[in-house]
Structures are given as structure tokens and as C-alpha cells.
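The structure appears right after this line, and notes come after that.
The values are calculated or read from the model by the stated rules, or taken from the named source; none is laboratory data. All of these numbers come straight from a predicted model, not from anything done at the bench. Cβ coordinates were reconstructed from backbone atoms using ideal geometry, including for glycine residues, and neighbour counts include every protein chain displayed. Accessible surface is based on the protein model in full, side chains and every heavy atom, while ligands, DNA and RNA are left aside. Shrake-Rupley method; radii C 1.70, N 1.55, O 1.52, S 1.80 Å.
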Amino acid sequence: MSLTANMPAPAHPAIWERAVGSRDARFDGIFFVGITTTRVYCRPVCPARVSCPAHRRFFDSAALAEGAGFRPCLRCRPELAPGRATVDAVPRLARVAALRIEAGALNGRGVAALAGDLGVSERHLRRALERELGVSALELAQTHRLLFAKRLLADTTLSVTRIAFASGFQSLRRFNAAFREQYGLSPSAVRRVVPARAAARTTLRARGRAEAELTPSEDLVRLTLAYRPPFAWKSLMVALSSDLLPGAETMDGGRYGRVVRIDGRTGVVFATDGYREGGGRAAHHQLNIDLSASLVPALMPLLARLRHLFDLDAEPAVIDGQLRQNGLARWVALRPGLRIPGAIDGFEVALRRLARPAILALGEPVATGFAGLTRVLPVAAEVADAGVGRLMALGVAPRAAAALTAIASAVSSGSIRLEPGSDAAETRRALMELDGVDDRLATALITQALHWPDAFADDDARLEQCAGAAGPADLQALAESWRPWRAYAAAHLRLG
């Protein structure tokens, strides 16, 4: 279950009241508090003076707060809050639609197009969103665009015009009008008002010699992605390095880098843990993301995918608590806040499992100016076109080549969608029907590509040994108490 599943409805805000008083970062992004005297809404970790309880209203989302006439706090900046875990949060259709809207699915497209992608009627989609989330699809999209733009205004030196289009607005005039209508300020005025730290508003080259050495050919834009503590960053780096794709990814100490192609834009992304860089200060519960300026037009979908890659919307207090109480206390104590690596693109999981590193020969060479980052990973259609023979010629084992080609064909045709929000059971069934796909591979794809936290393979001999189970049936019985976090339990057990 998700954290919110154990929390009372907004009409009974006792837990929210205590969270506001403690400024507990574990509740950051779970809810927002509106102050009726100022008409401002804040994160529960806002450093401003705590308001009188009688002047507070609680909201499940920023969209609901803005729909009620509140504007975002300029101090705690709600646009920087981590997202909410999706398990049991809302029914699947609304959840999937909300994820895609947050990633920019309605930027330049209508609700009808999104409904078509999801295989439902436009009317059904509208009703589902309004019933489950309390806002319309367009209101939700507008909230995400405005908060994203506000974030870029505060944290970068990008021009207002570039920010407008990067945030999904189709014209500068509409961007300015939406800002004035919602916040009573022009975008330029917001940039002047928001307290900006010099280090957060400059490019890497202006940050100092150590970071400037990262950028031999171009400046990088820095943004941050918040998470709920604790965060086992070192363990996540170990997991990513075990499947590293040389040429497309690099690992240097605690810094992860990779080449990205998204929406026709190519560039590089680097990620480091701000908590470690900030000397362990609570204010740095965030990842520092440095990315090529060429990727700015695709920032909304890119940042959404980075959140999936690093599992930033996990609720470690809930996950660790349940696993600790059900036989895994020793493992949780070793790695509190363990995250499960996701993927920028779900098909990458299949590439890592079946064809690393030979598959890079199919990737397109790219000049990034960064050592070790020289190739873009091939997409599913390119692998499907290459076929089994070409993969085997590159050194891929026959069974793996057959499985990878089958997965690539299914993904490129749209019969299987390897992305967060897809139905886990349905996707597993479809994968298991493909040539060469076994239960362990299907589980890995469901876990990482769909970002499904309850994915689990009952017949995994290594898990049986690590858990001290007598066999598959015993392991399955043990795992029942770990639900819906069995994927996290499996990750703990594999790490030992």
C-alpha cells in the first residue's frame, strides 16, 4: 500500500497537522497546505513560520491547491517537491493519464489524442480524472506547466522565451497571460521575486573549477530533483554500475552520466547526490542534475524519466517499515532507503539483460565532448530491424537474440508498452508469450521498465537461498508479508 493509503482524508487532518509541525521531509510531496490568510500554499517542510491551524487547508496535490485559488509559496517552492508513489494511489487509468500529463503529454496535443493513446474515449478519460483527482486534464496540465516554468525561472538563466516553450506553452503570449492570470505576476517578475542563489542560477562553468572540468565543450544547465530520505545512493550506484552500458553511460565515484536522446533531442545528463555534496544537510535531499542545453526543449519528459530511473518518488519510511517488521530488519538496517533503478526508456532494460555490451554496435555514434559518452542506445525499432542474425553476429547468444528481437518487435509495434503505469499483470502475460522470455526476465522488465514495486519471481533460486526458503512455495509464502513491496525485498536479498 502507499503512504497515503494509511492517511486520513483531508476532512480529518490530524496526521497532516503533526507533519507540518515537525517539518518531516518524509511527507514532502504527499500533501500541500494552503494558508487562508495569505492565499499561499506550501510544502510541509516549508521553513516559514508555522501558521495558525485555523488558517490551514490541506490538499492532495498542487493542482487542487491552485484550483482552490492558492498560489505557490516563493520560499519552499512546491514545484520542487518529490512526486507521490503510484501504488494504489488512484485507479490505473487516472494514474497513467496523470503520469503522462506530468511528463508533457498534453503539450501541443489535445485530451482526445491522449485518450486514444490509452485506448479509451475522451469523455471517459475526462470523467476518470475529475472523479479520482478532482481536476480536469487541462487544469492538471496547466498546473504542471506553470510550476515547471516557475522552477526554470528560479533555477536557470534560460531566456523567458526558451522557458515558455520548454514548459509546453505554444506561444510566448499565452505563457505570459497564463502566468499573470494564475499568479498575478509576469514571468520576469517571478524571476526577480523568487529568492535565487547564485550557484543555482548559473551554468556549470560559473560554479568553480572542479565542476567546470566536467564541461569541456559546452555549458550544462543544473536543476534539482527532490527525494524523501533516507536514500541509499551508494547502493543505487552499485546497481546501475552492474548493468552499465559502456559508451552510453559512465560512472565516476558517486556521479552517474549518460547520453540521452528524447523527442529528437540528444545530449548528456549527469547526476550526483546533493545530500552527500552538501555535507549531509537536510536541505540537500535532492539529486543535482546537470544536462546539456540541447535537451532543454524536452525537459518535462526527461525529468519525469529521470525520476523513474532513480526511483525518486519512493516512500522509504513506509517501504522500510513494512520490510523491517516482516523478517528483513537486518537487510534494511544495512541499506535504509534502498531504491530500485528504473529506466529512461523501458526497452533499455531488455538491452541490459540480453545484449550488453554488444548491442552498442547498433547505437548511433555521437560527439558529446565527454570521455566515455560516445553512443546513443538503439531504440526498439532499430533492434527489431537488425534481427536475430545480426544480433548473433555481434556476439549475442541465440536464445537471448531471439528474446530481444521478439521484445523489440512487440515494443515497436505498440503491442507491449514498457513504461510506468502500464498494467503489470497484462504486460507480464504478453511478455511470457514471446520466444525466449522466462519468468526472471519478465520480472526484471516489470520491475524496472514499468516501475512496479510488487514484481517478484517465485522460482528464483538465488532469492530462495538468500531468504533461507526451502523452495519456491516457501519463498512465495514468505513474500506475501512483503507485499506490495516485494521488488524492494528482492533487491535487499540479492545485495546480501
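The table that follows gives values for the structure above.
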quantity	calculated
Of residues in the range 127-173 being basic (K, R) and within 20 Å of A62 (Cβ to Cβ), the one least open to solvent (accessible area, probe 1.4 Å)	K150
Every residue from the range 338-352 that is of a type in the set (A, V, I, L, M) and outside any helix (DSSP H, G or I)	L338, I340, A343, I344
Residue in the range 207-219 that is more than 15 Å from E277 (Cβ to Cβ) and either under 21 Å from the mean Cα position of the chain (by Cα) or modelled with pLDDT of 75 or more (or both) present	yes
Spans of helices (runs of 4 or more DSSP H) in the range 55-137 with at least 2 residues closer than 30 Å to H284 by Cβ	62-67, 92-102
Those residues of the range 40-73 which are closer than 20 Å to A226 by Cβ, of a type in the set (A, V, I, L, M) and open to solvent by 20 Å² or more (accessible area, probe 1.4 Å), in sequence order	V40, V45, A48, L64
Hits in the range 168-206 (condition: of a type in the set (A, V, I, L, M, F, W, C) and modelled with pLDDT of 50 or more)	F169, L172, F175, A177, A178, F179, L185, A189, V190, V193, V194
Single match in E419, E480 (criterion: in a loop (DSSP other than H, G, I, E, B), open to solvent by 20 Å² or more (accessible area, probe 1.4 Å) and of a type in the set (D, E, K, R))	E419
Pair list, Cβ < 9 Å and 6+ apart or interchain, from the range 51-80 residues that are farther than 9 Å from Y41 by Cα to residues that are in a strand (DSSP E or B) and open to solvent by 60 Å² or more (accessible area, probe 1.4 Å)	A68/R57
Options R276, R261: the member that is touching a residue at least 12 places away in the same chain (Cβ under 8 Å), surrounded by fewer than 21 Cβ atoms within 10 Å (Cβ to Cβ) and not in a strand (DSSP E or B)	R276
All positions within the range 387-401 that are among the aliphatic types (A, V, I, L, M) and open to solvent by 30 Å² or more (accessible area, probe 1.4 Å)	V388, M392, A393, L394, A397
Residue count for the range 11-21, restricted to those that are open to solvent by 60 Å² or more (accessible area, probe 1.4 Å), at pLDDT below 70 and not hydrophobic (A, V, I, L, M, F, W, C)	1
Single condition I30 does not satisfy, out of (1) under 28 Å from P316 (Cβ atoms); (2) open to solvent by 20 Å² or more (accessible area, probe 1.4 Å); (3) in contact (Cβ under 8 Å) with a residue 40 or more places away in the chain	(2)
Test for V411: is it touching a residue at least 24 places away in the same chain (Cβ under 8 Å), buried (at least 18 other Cβ atoms within 10 Å of the Cβ) and touching a Phe, Trp or Tyr at 6+ places or on another chain (Cβ under 6 Å)	yes
Pick from the range 304-324, criterion under 30 Å from R162 (Cβ atoms) and assigned to a helix (DSSP H, G or I), ranking: most open to solvent (accessible area, probe 1.4 Å)	R305
Residue selected from the range 22-54 under the condition part of a helix (DSSP H, G or I) and over 28 Å from the mean Cα position of the chain (by Cα), by the criterion modelled with the highest pLDDT	A54
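One line per residue, one yes/no per condition, for (1) in a helix (DSSP H, G or I); (2) open to solvent by 10 Å² or more (accessible area, probe 1.4 Å); (3) at pLDDT 95 or above:
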| position | (1), (2), (3) |
| --- | --- |
| A271 | no, no, yes |
| L302 | yes, no, yes |
| N326 | yes, yes, no |
| P336 | no, yes, yes |
| L354 | yes, yes, no |
